[in-house]
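The values are calculated or read from the model by the stated rules, or taken from the named source; none is laboratory data. In this text, all values refer to a predicted model and were calculated from it rather than measured experimentally. FYI the Cβ positions are ideal-geometry reconstructions off the backbone, even for glycines, and counts take in every protein chain you see. What goes into the accessible areas is simple: the full protein's heavy atoms, side chains included, and nothing from ligands, DNA or RNA. Shrake-Rupley method; radii C 1.70, N 1.55, O 1.52, S 1.80 Å.
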Amino acid sequence: MDLNPIKDAFDRVAKKQKLSSSKAQEVIDQIMLEIGKALETILTEQSGHESNYKLVLSELNKKLQENSPQSQLEGTQKELNVALSKYTKQLEKSFNPDISKAYRNVEFDSHTVNQIIAGHFYRQGLFSIGDCFVNEADESESTADLRSLFSEMYLIVEAMKERNLEPALNWAAANSDKLKERGSDLQLKLHRLQFVEILQNGNRNEALAYVRSNVAPLASNNLSEIQKLMACLLWAGKLDRSPYSHLLSPTNWNVVAEELARQFCNLLGQSFESPLGVTIAAGFQGLPPLLKFMTVMLGKKQEWQTMKQLPVPVELDKEFQFHSMFVCPVSKEQSSDENPPMLMQCGHVLCKQSINKMSKNNSKTFKCPYCPCDIDAAQCRQLHF
């Protein structure tokens, strides 16, 4: 969604509001100045005759009418009101408050949906909310194991925030073989954090002993990293002034904690990103074109309910593209089980329905839209992505 028009409209409102406020303050200062002059005249007047007071007040009233503070304020206030009105219309144009128009009656497996929601809460460490949800949804038994596993991960990550690596190191050691199979160097990164903590306290001998007992067994694939740690021994207690000062950055702890959570989820067979969060984010991107389509299709809601695939192209960012898809270059329709992609003899690909249409249901050959080859529909083969 292009937010620039909204930003421009907001900037115009902010500018007009600032001008209106400045003008109001200027008018108030003028009024206070005239009142102050009149008061000073009254206080310094030798004669306290009532007619003199009336004359001063009459002069004050005349000056205020000449300045016309109300008309001065009306101009800037009118400009502000116009800008506010346009901003409201821009918001209504950009954000459709009624998203129910894009709703479809789709059957969901409520048990699976409940597990996804509960998993989202447990993944975020919101265990009390997750427990409340599963109790209300009567899913306590099916989510008990999931809660236990994410609870372990949460405790490890929370301990790392307190600079306590013991739970993380124990988990990495227990899953060392699985981590190696996945090509992860998480164990080395955890030991490096612990080594730096020991060295920064100035205890060179303890740091060397730690490397020999914990890091040396990992030397076969990490020799250069171990050499770097050995060089750090020369800067015990003053690592912040060394060429390796970047090892002290708090960012290193955040990066390793995220890596641990990612590997933990992988070993559980769970995605690192919350499926619920990904679904909502993807839906947020896909909603505007669907709402625009439904605005055009007013009165044809029943057709929308019976469609087997999306009627308009929905462009999602790369992080939401998990599976390959094929759009026929002839019909511009996305492939489906009923209309699969077909590989022609020349190497180009069209959807089955396009091939059937161009070949008159396999009754004749046709030329490929992209090259001069003659295509026999009977020799086309289905592609599987």
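Write down the accessible area per residue of region 282-385 in Å², having rolled a 1.4 Å probe over the full set of protein chains.
Dividing the accessible area of region 282-385 by its residue count gives 70 Å².
In plain terms, the chain from residue 86 to residue 15 could stretch by 24.2 nm, reckoned as 0.36 nm per residue minus the Cα-Cα distance.
For residue 235, the accessible surface of its heavy atoms amounts to roughly 80 Å² (probe 1.4 Å, protein chains only, rounded to the nearest 10).
With every protein chain kept in the model, how would you rank 246, 191 by accessible area, 1.4 Å probe, largest at the top? The partial results should precede the final answer.
Numbers: 246 100, 191 15 Å².
Output order, biggest surface exposure first: 246, 191.
Taking 16 Å as the cut-off, the amide N atoms of region 235-278 that come nearer than this to a point 7 Å along the Cα-to-beta-carbon line of residue 181 belong to 263-270.
How do 219-226, 205-212 rank on mean C-beta neighbours within 10 Å, highest first? Spell out each step's value before the answer.
Working: 219-226: 12.5, 205-212: 15.5.
Going by the mean number of other Cβ atoms within 10 Å, highest first, we get 205-212, 219-226.
Both the radius of gyration and Dmax for region 194-269 are 13.9, 43 Å, in that order, over alpha-carbon atoms.
Highest mean packing comes first when the peptides 115-122, 60-67 are listed by Cβ atoms within 10 Å, giving 115-122, 60-67. FRET efficiency for the pair residue 246 and residue 281, taken as 1/(1 + (r/R0)^6) with r the Cβ-Cβ distance and R0 = 30 Å, rounds to 0.40. Computed over protein heavy atoms with a 1.4 angstrom probe, the accessible surface ordering of 337, 376, largest first, is 337, 376.
The distance between label points at residue 383 and residue 338 comes to 2.2 nm (points 7 Å beyond Cα on the Cα→Cβ vector). Directionally averaged projected area (region 273-355, Cα convex hull): 7.1 nm².
Treating each Cα of the chain as one equal point scatterer and applying the Debye formula with no solvent, the log10 of I(q)/I(0) at q = 0.10 Å⁻¹ comes out as -0.99. Residues in region 208-215 carry Karplus couplings, in order, of 5, 5, 5, 5, 5, 8, 10, 8 Hz; the curve used is 6.51 cos²θ - 1.76 cosθ + 1.60 with θ = phi - 60°, and Gly or Pro positions show x.
Hey, with R₀ at 45 Å, roughly what FRET efficiency would residue 62 and residue 3 work out to, going by the Cβ-Cβ distance, to 0.05?
Working: r = 52 Å, r/R0 = 1.15.
Taking R0 as 45 Å, the efficiency between residue 62 and residue 3 is 0.30.
When the P(r) of region 20-132 is calculated, the portion above 16 Å amounts to 78% of the C-alpha pairs.
Considering only protein heavy atoms and a probe of 1.4 Å, how much of the accessible area of the chain is carbon and sulfur, as a whole percent?
Numbers: 13360 of 25360 Å².
Looking at the chain in its full context, I get 53 percent from C and S.
Indicate the gyration tensor shape class of region 150-256 (rounded, prolate or oblate), computed on the Cα atoms with a ≥ b ≥ c the square roots of the eigenvalues: a/c under 1.5 is rounded; otherwise a/b larger than b/c is prolate and the rest oblate.
In terms of gyration-tensor shape, oblate.
Per-residue surface analysis assigns residue 160 an accessible area of about 10 Å², computed on protein heavy atoms at 1.4 Å probe radius. Per residue, the accessible area of region 66-142 comes to 70 Å², computed with a 1.4 Å probe over protein heavy atoms only.
In a fully extended conformation the segment linking residue 128 and residue 106 would gain 4.9 nm over its present Cα-Cα distance, using 0.36 nm per residue. Computed from Cα atoms alone, the Kirkwood hydrodynamic radius reported for region 187-338 is 20.6 Å.
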